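My structure is below; once you've seen it, I'll send some questions.
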Amino acid sequence: MANGLTRLQAREAIRDTCGEGWLPLVDEVFENLPPHISITCAFQKWGALRFDLDPRNDTAFTDYLDEVAERSLEICEACGAPGLEMIIDSWVVTRCDLHSAGWVWRSDQPDSEAQAVAISGAQVGNV
């Protein structure tokens, strides 16, 4: 088993790259971390909170992490308010309206009618 991140190191990694919104999820993961597993990386990928593990052979815990990733897609990574998957500056993120200033693609728009939405509400255009 490789040396893993401490809870503090994982929190700092997420805070530095995403904000404070997912810190309760990071804490929850560490509270449920089996003693034989180390978290080697905490990061955001495709708008979701993700973790790399060593070893990766605990199916129940990896299923749990998949569920945490799914929940993170509904929580603003910046502040913890209810959020949506969005594309901002070519990056997939999960943000609330307050933290998604500018033009974005929002997951709450039907795929066939995807729109770029100005958060100010002043302009709406087709993508």
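The values are calculated or read from the model by the stated rules, or taken from the named source; none is laboratory data. No experiment lies behind these values; they were computed from the predicted model shown. Here the Cβ is made from the backbone with ideal geometry for all residues, glycine too, and neighbour counts use every protein chain on show.
Restricted to the range 1-15, and to residues that are among the small types (Gly, Ala, Ser) and part of a helix (DSSP H, G or I), which residue is nearest to Val68 (Cα to Cα)?
Taking the range 1-15 and keeping what is among the small types (Gly, Ala, Ser), we get 2, 4, 10, 13.
Within this subset, residues satisfying the condition of being part of a helix (DSSP H, G or I) are 10, 13.
On the way: Ala10: 15, Ala13: 17 Å.
Only one residue tops the list, namely Ala10.
Please give the number of the condition Ala60 fails out of (1) within 8 Å of the chain's Cα centre (by Cα); (2) over 18 Å from Glu20 (Cβ atoms).
(1)
Out of (1) over 23 Å from Ser100 (Cβ atoms); (2) buried (at least 17 other Cβ atoms within 10 Å of the Cβ); (3) out of contact with any helix residue (DSSP H, G or I) (no Cβ under 9 Å at 6 or more places or on another chain); (4) not hydroxyl-bearing (Ser, Thr, Tyr), the odd one out for Glu85 is which?
Unmet condition: (1).
I would also like to ask the following. Out of the range 89-127, which residues are assigned to a strand (DSSP E or B), at pLDDT 80 or above and over 22 Å from Arg11 (Cα atoms)? Explain how you work it out, then say what you get.
So the first thing to find is which residues in the range 89-127 are assigned to a strand (DSSP E or B), and the list is 91-95, 103-106, 115-118, 124-126.
Still in the list and also at pLDDT 80 or above: 91-95.
Hits for the range 89-127: nothing passes.
Okay, moving on. Quickly run through the range 16-53 and pick out the residues that are surrounded by fewer than 15 Cβ atoms within 10 Å (Cβ to Cβ), without any contact (Cβ under 8 Å) to a residue 40 or more places away in the chain and either hydrophobic (A, V, I, L, M, F, W, C) or not in a strand (DSSP E or B) (or both).
Within the range 16-53, Asp16, Thr17, Asp27, Glu31, Asn32, Pro34, Pro35, His36, Cys41, Phe43 meet the criteria.
Another one. Of all residues in the range 17-39, count the ones that are within 17 Å of the chain's Cα centre (by Cα) and farther than 17 Å from Ser72 by Cα.
If we filter the range 17-39 for residues that are within 17 Å of the chain's Cα centre (by Cα), which is where we start, we get 17-30, 39.
Cutting the leftovers down to farther than 17 Å from Ser72 by Cα gives us 39.
Of the residues in the range 17-39, 1 are within 17 Å of the chain's Cα centre (by Cα) and farther than 17 Å from Ser72 by Cα.
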